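Working notes for the structure below.
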Amino acid sequence: MLKLIEAIFAGRIQTEDIDTVGSKQFRGELNCNTAQCDKCGECLQVCPVSAITINEYNRPIIDYKRCVFCGRCVDACAGCALYHSNLEALPEILTGSSVDVGRVTNIRPGRSLHVRHLDAGSCNACDFEMGALSNPLYDLHRFGVSFVASPRHADAVMVTGVVTRNLEKAVHMTYEAMEEPKVVIAVGACAAGGATYGETYAIVGALDKVLPVDIFVPGCPPRPSAMIVALLAAADLYLERSKSMGNK
Amino acid sequence: MIKVKSTGLRGAANVCSHNGRNPLTAMFACDETVLGQGYAIYCLFEDCHAHDIQVVRAQFEMDEELKYESLTPLFPAAAWYEREIFDMFGIEPLNHPDLRPLVLHESYPEGFYPLRKKVAVDANIHGEREFKIATAQGEGLFEVAVGPIHAGIIEPGHFRFSQAGEAILQLDAKLFYTHRGIEKAVEGKTVDEALFIVERICGACSIANTLSFCQAVEKLSEKSVPRRAWVIRTCLAELERLYNHVGDTGNLCAGVGFTVPNNIGARLKELLMRCNEQVAGNRFLRGMIVPGGVLFDIDEEKRNVIASTLDTVEKEYERLVQILSEQDGFLNRVKNTGIVLKKTATDLSMVGVGARASGFSRDSRKDLAYGIYPELSFDVITEQAGDVYARLLVREKEVRESIKLVRQILELINSEDNSGLRAADLTYRAEEGSWGISESARGSDLHWVMLDKNQKIYRLFVRSASYPNWPALPVALHGEIIPDFPLVNKSFELCYACLDR
């Protein structure tokens, strides 16, 4: 027992502030130095999930729902115009809301969210990162967010993976079991974009083919910090919906 | 390769298994009708002494009836492989003891065999087939159903316990919920395009899957992988084993609600994941290994990050190990729980931690001696008891071995000149099968690849480490109680994603 108590107090307090900047090497948001872009279109060709389109000003536009941050477009870019910054691509709210995703990480009293995890057909990378949210460095509980065992207790559902045929029914049933109001978060490129493995006999598609998606988190997998941003945005969105439904 | 007619499969397999001394490593089918040869079933046996894998290929002629004598009565390890082959190809094993569906659940029709070449990759076929769960019937018996959506943050699987009071009489696991049709999805893609998908079969085995796949295709090429690339690949493979084993040690404690070591494990894993990101740009080490080598080097700055992370993790992990070894309440739960006998482990051709904890010494790093492993110094850890504690001990000791290995590798990277990172412009021999293997944190991970004349994937078969170990879980739980299920399950720590594909 003494060893245990010793272990608890051995280190400093480990919990950190949420930081959406990765390490130097991290392949984060894609940027384009347009002056150097020679419009060769090579990036479109090599992108395995067709996440890049060119807009009317000949600038590449990245669809972060699909992007898996593999770096192939950067390697292929003849003019070295495309590059990864080490900033995380932040979650986006897809439904109408006044919540500002960039400002949600401030700890505020009175905010809470109960979340159910739902694996719709993931490779388990997103799930492992969700598991990491409870470790002492991220300590999700301090934000008032906790994972619950049943969708009946949940305000939000956090879905990982592309929806498979074998799980389609379970996805529906989980959503149906939740009380209104409810928030749906699509985590990672599979759930958000659904293009990772292409179209197969076993895949239904991205989550929005099955459920109304409110928030998506880019990444393959997203880092834990991006997931926390999404969860806090979901908490604010949930509050907004509760108020508009009249149950304050 | 030994080629036989379909009727000769059983005999040839029996000979190759060397009276059961050579474990059945994998078994799969291939639709070669497009190549004018009908269907074929491949059996791979591991010859540990010759450091090689023996392949038996049984050929069905174009108009031959797709039936053969089941191998399961000879090798229990063949049971799931044969069920999968029947599901995916419709090749029927006669006298199979349990030919229920395995991969395709209720929403698929009977007679839909997706891996046949004439079925389109995006075939949108719906139906209703029967999917029976095995249960025990009798007076006083009752069933407990769990999943596929669980209470914690884990992958989906359905478990049906048949209970005689507190004791588990029988457990049937319905898996393959995350079946994404990956083996079909990569068909017709180039090696580089397929690599991207292979890397995403499973998160926790990203490196192992990529490494197996790359080795398989590299054998079909004339060019050799630069030494520097192999040194770096080995470093990545050991970093993957480390974060898995360290995290799994902590996770196992969650199975008995022992939160302090659980959190120490989670924190150490996080340190290793951050180290991964600094090395590869991705916390799961994705985007570094490619056919022919690796994409970038581990420079001095990264080496320092790895070295200092290892120092921290080593010190604190030893503290964790000591805590676990001194807590009687914890030891009481893990000792004698979830026992897998050596006989069971060999019958099921188990791999990895699961096999080694039952005294079945298998490690593809030694047995098949790939890459630079033969010149590195490390021990294969075995335990005899086969219980949860034995699997924990194997992991604990393997963490030490992996730390030792990474330090040796860092020394190599430091002292050797950069001999080039990647052999470029690989071309591959067509219509020839090739296997690649690597030792993931869960055991050996085998890929088998065949390319067509246009250098596109004709067939990819993936047998992850979890595949042969899953059938051991119900055996380990015989007579145990349901509250021990999470504990025993976590002690194996099997992937669903790389099983389901």
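The values are calculated or read from the model by the stated rules, or taken from the named source; none is laboratory data. Just so you know, these numbers come straight off a predicted model, no measurement behind them. Here the Cβ positions follow ideal geometry from the backbone for every residue, glycine too, while neighbour counts run over all protein chains shown.
Tell me, which helices (runs of 4 or more DSSP H) wholly within region B:412-501 include 3 or more residues that are under 13 Å from the mean Cα position of the chain (by Cα) and within 30 Å of B:A134 (Cα to Cα)?
B:466-469, B:497-500
Residues to consider are B:E187, B:E183; find the one that is charged (D, E, K, R) and part of a loop (DSSP other than H, G, I, E, B).
When all the criteria are applied, what remains is B:E187.
Just give me the residues in region B:322-349 being under 26 Å from the mean Cα position of the chain (by Cα) and assigned to a helix (DSSP H, G or I), in sequence order.
Within region B:322-349, B:V334, B:K342, B:K343, B:T344, B:A345, B:T346, B:D347 qualify.
Hey, among the residues in region B:214-260 that are of a type in the set (S, T, Y) and part of a helix (DSSP H, G or I), which one's modelled with the lowest pLDDT?
B:T259
In this structure, does B:E46 turn out to be in contact with a Ser or Thr (Cβ under 7 Å, 6 or more places away or on another chain), among the charged types (D, E, K, R) and more than 14 Å from chain A (Cβ to nearest Cβ)?
yes
Working only within region A:94-106, note down all residues that are within 25 Å of B:R283 (Cβ to Cβ) and aliphatic (A, V, I, L, M).
Within region A:94-106, A:V101, A:V104 qualify.
Can you tell which of A:E168, A:E179, A:E240 is within 13 Å of another protein chain (Cβ to nearest Cβ), surrounded by fewer than 20 Cβ atoms within 10 Å (Cβ to Cβ) and not small (G, A, S)?
A:E168
Which residues, taken from region A:103-146, are assigned to a loop (DSSP other than H, G, I, E, B), of a type outside the set (S, T, Y), within 10 Å of chain B (Cβ to nearest Cβ) and surrounded by 22 or more Cβ atoms within 10 Å (Cβ to Cβ)?
A:A120, A:G121, A:C123, A:N124, A:L133, A:N135
All but one of (1) within 19 Å of A:L167 (Cβ to Cβ); (2) outside the structural domain of B:H105 (by TED's automatic domain parsing); (3) modelled with pLDDT of 90 or more; (4) in a loop (DSSP other than H, G, I, E, B) hold for B:A123; state the number of the condition that does not hold.
Unmet condition: (2).
Which of the residues spanning region B:471-493 are among the charged types (D, E, K, R) and out of contact with any strand residue (DSSP E or B) (no Cβ under 7 Å at 6 or more places or on another chain)?
B:D484, B:K490, B:E493
So A:V159 clears everything in (1) under 18 Å from the mean Cα position of the chain (by Cα); (2) buried (at least 24 other Cβ atoms within 10 Å of the Cβ); (3) within 10 Å of chain B (Cβ to nearest Cβ) except one condition, right? Which one?
(3)
Taking the conditions exactly as written (outside any helix (DSSP H, G or I), surrounded by fewer than 24 Cβ atoms within 10 Å (Cβ to Cβ) and at the interface with another protein chain (Cβ under 10 Å from one of its Cβ atoms)), does B:F296 satisfy them or not? Let's see the steps before the verdict.
Numbers: outside any helix (DSSP H, G or I): yes; surrounded by fewer than 24 Cβ atoms within 10 Å (Cβ to Cβ): yes; at the interface with another protein chain (Cβ under 10 Å from one of its Cβ atoms): yes.
Yes.
Report whether or not B:D172 is farther than 30 Å from A:C67 by Cβ and either within 14 Å of chain A (Cβ to nearest Cβ) or assigned to a strand (DSSP E or B) (or both).
Details: farther than 30 Å from A:C67 by Cβ: yes; either within 14 Å of chain A (Cβ to nearest Cβ) or assigned to a strand (DSSP E or B) (or both): yes.
When the stated conditions are applied, B:D172 passes them.
Quick check on region B:468-490. Is at least one of its residues among the aromatic types (F, W, Y) and crowded, with 23+ Cβ neighbours inside 10 Å? Steps first, answer last, please.
Going residue by residue through region B:468-490, those that are among the aromatic types (F, W, Y) are B:470, B:485.
Pick out the ones that are also crowded, with 23+ Cβ neighbours inside 10 Å and you get none.
There is no residue in region B:468-490 that is among the aromatic types (F, W, Y) and crowded, with 23+ Cβ neighbours inside 10 Å.
Counting only residues that are within 11 Å of another protein chain (Cβ to nearest Cβ), more than 21 Å from B:K174 (Cβ to Cβ) and under 28 Å from the mean Cα position of the chain (by Cα), how many does region B:117-133 have?
5
Out of all the residues in region B:271-293, which are within 8 Å of chain A (Cβ to nearest Cβ) and not in a helix (DSSP H, G or I)?
B:G281, B:N282, B:R283, B:F284, B:R286, B:G287
For a quick check of your reading of the model, give me the residue pairs whose first member lies in region A:21-38 and is closer than 14 Å to A:C73 by Cβ, whose second is among the charged types (D, E, K, R), with beta-carbon atoms closer than 6 Å and at least 6 apart or on different chains.
A:G28/A:E88
Tell me, please, whether a residue that is over 30 Å from B:T190 (Cβ atoms), surrounded by fewer than 16 Cβ atoms within 10 Å (Cβ to Cβ) and more than 12 Å from every other protein chain (Cβ to nearest Cβ) can be found in region B:317-329.
No.
When region B:28-82 is examined, which residues are found to be touching a helix residue (DSSP H, G or I) at 6+ places or on another chain (Cβ under 7 Å) and of a type in the set (S, T, N, Q)?
Residues satisfying the conditions are B:Q54, B:Q59, B:S70, B:T72.
Which of the residues that make up region B:1-27 are buried (at least 23 other Cβ atoms within 10 Å of the Cβ) and in a strand (DSSP E or B)?
Selection gives B:L24, B:T25, B:A26, B:M27.
Would you mind finding the one in A:T196, A:T174 that is assigned to a helix (DSSP H, G or I) and within 9 Å of chain B (Cβ to nearest Cβ)?
A:T174
Please identify the pairs in which a residue from region A:174-195 that is more than 24 Å from A:A226 (Cα to Cα) has its Cβ atom under 9 Å from the Cβ atom of a residue that is of a type in the set (D, E), counting only partners at least 6 apart or on another chain.
A:M178/A:D155; A:E179/A:D155
Pairs, please: C-beta under 9 Å, at least 6 apart or cross-chain, first residue farther than 18 Å from B:E46 by Cβ and in region B:446-466, second among the polar types (S, T, N, Q) and not in a strand (DSSP E or B)?
B:Q455/B:T427
Quick grid of which residues meet (1) touching a Gly at 6+ places or on another chain (Cβ under 9 Å); (2) within 17 Å of A:A189 (Cα to Cα); (3) modelled with pLDDT under 85; (4) assigned to a loop (DSSP other than H, G, I, E, B):
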| site | (1), (2), (3), (4) |
| --- | --- |
| A:E6 | no, no, yes, no |
| A:F9 | no, no, yes, no |
| A:Q14 | no, no, yes, yes |
| A:S23 | yes, no, no, yes |
| A:G28 | yes, yes, no, yes |
| A:N31 | no, no, no, no |
| A:C40 | yes, no, yes, yes |
| A:L44 | no, no, no, no |
| A:V49 | yes, yes, no, yes |
